[in-house]
1. Tell me the net charge near B:F42. Cut-off is 11 Å between Cβ atoms, B:F42 excluded, with +1 for each Lys or Arg and -1 for each Asp or Glu.
2. I need the inter-copy label distances for B:V173: point set 7 Å along Cα to C-beta, values in nm with one decimal, smallest first.
3. Putting +1 on Lys and Arg Cβ atoms and -1 on Asp and Glu Cβ atoms, find which of B:V133, B:L73, B:C105 reaches farthest to the positive end of the dipole of segment B:18-171.
4. If each label sits 7 angstrom from Cα along the C-beta direction, how far apart, in nm, is A:D132 from its counterparts in the other copies?
5. If ligands, DNA and RNA are left out, what is the accessible area of A:D132 with a 1.4 Å probe, given in Å² to the nearest 10?
6. Compute the distance in nm between two label points, each set 7 Å from the Cα along the Cα-to-Cβ direction, one at B:T76 and one at A:S142.
7. B:G30: net charge of surrounding residues, Cβ under 9 Å, Lys/Arg +1, Asp/Glu -1, itself excluded?
8. List the residues whose amide H sits under 5 Å from the amide H of A:I118, counting only those 5 or more places along or on another chain, with H placed 1.01 Å from N in the peptide plane.
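The values are calculated or read from the model by the stated rules, or taken from the named source; none is laboratory data. Please read these numbers as outputs of a predicted model, since none were measured by experiment. Cβ placement follows ideal geometry from the backbone for every residue including glycine, while neighbour counts extend to all protein chains displayed. Areas reflect the complete protein model, heavy atoms only, side chains present, ligands, DNA and RNA absent. Shrake-Rupley method; radii C 1.70, N 1.55, O 1.52, S 1.80 Å.
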Protein chains: 2
Amino acid sequence: MTTNDPSTTPQSVTGPRINKGLVIVNTGTGKGKTTAAMGVMFRAWGRGMNVIMMQFIKHSTANFGEQRAAKKLGITMKAMGDGFTWRSKDLDQSAELAKAHWEDCKTIISSNEYDLLILDEFTYPMHYGWVDVDEVIETLKSKPEMLHIIITGRNAPEKLVDYADLVTDMTLVKHPYKEGIKAQPGIEF
Amino acid sequence: MTTNDPSTTPQSVTGPRINKGLVIVNTGTGKGKTTAAMGVMFRAWGRGMNVIMMQFIKHSTANFGEQRAAKKLGITMKAMGDGFTWRSKDLDQSAELAKAHWEDCKTIISSNEYDLLILDEFTYPMHYGWVDVDEVIETLKSKPEMLHIIITGRNAPEKLVDYADLVTDMTLVKHPYKEGIKAQPGIEF
């Protein structure tokens, strides 16, 4: 049985143990993809690491629990320009905004100023073909060696899953919405 | 397609929407169970909610990223007495310590002083029969109405899954340990 205690990480690994920035993908239809990324952000911040979160879906005016906490901690959390939602009437415009946001992310990656970058809900622009997966993987290949990058969202492209170091699929077992319980502030947003 | 944006929560739910403290279970063999709970903690803290984390596996002397972050934020994160691990030679003693830690949790629950309680890796004491699942469910039934409780760990007992409001199974798709990459500080602990 393994636990999250690093003293119990698998003992069977032989050979050199590598220190490197990981490419992590949290995907699947369940809850916890963004939330787990924020947990890592919290942990990394606890170690004094320089962290930043780029959000591809959230409204730029969002002021949920995570934005409030990030603000209190001085963590940059930057949403895409227009407050894109899937209800957006002009998907062409959303595609352009996603591309522009990705360009900003590339600048952040190449700046080598951060230890952890979260690309929140970045799978959607790839899934919809607005951002080219091959280009994303090329960018990941040339990232600073110790930079950790977490990508969240459903429908992670297979090429990305193949390239990533750590991939977790969050599966919904049971959800309270089904029983009429609404999303709870501080818990789900 | 749903996103984490609450403006896009399912529109098909009809009838009254209930505000209540949720019982959330993060289980499965993948990464992200504790980490997602910490993400919720971060989010709740951002909203000024009173949060506490009781850990059933971690060493009481642990000083990982999460402990450091919690300390900086003034969040209580209390580990079980002895620095229990699965290597412990005296499992009887560990069982006693787990029971005592659960008694402290019950006091915390009935105190009605918190908005969010995380019972980290609490599935193990239940799975091993040290803490009775029926008693846990009775305690959950009588918790303060608005208290949210998150239970993490593998092998969540079926009765608990049945009782919980929100259950997510984290499934490992790919793990870097397999390729000789060691656990990275700030990311995995």
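1. Counting the neighbours of B:F42, the net charge comes to +3.
2. 2.0
3. B:L73
4. From this label point to the equivalent ones elsewhere in the assembly: 6.5 nm.
5. Its accessible surface works out to 80 Å², give or take rounding.
6. Distance between the two pseudo-spin positions: 5.2 nm.
7. Working: positive: B:K31, B:K33; negative: A:D169, B:D169.
With Lys, Arg at +1 and Asp, Glu at -1, the neighbours total 0.
8. Long-range HN contacts for A:I118: A:I52, A:M53, A:M54, A:I150.
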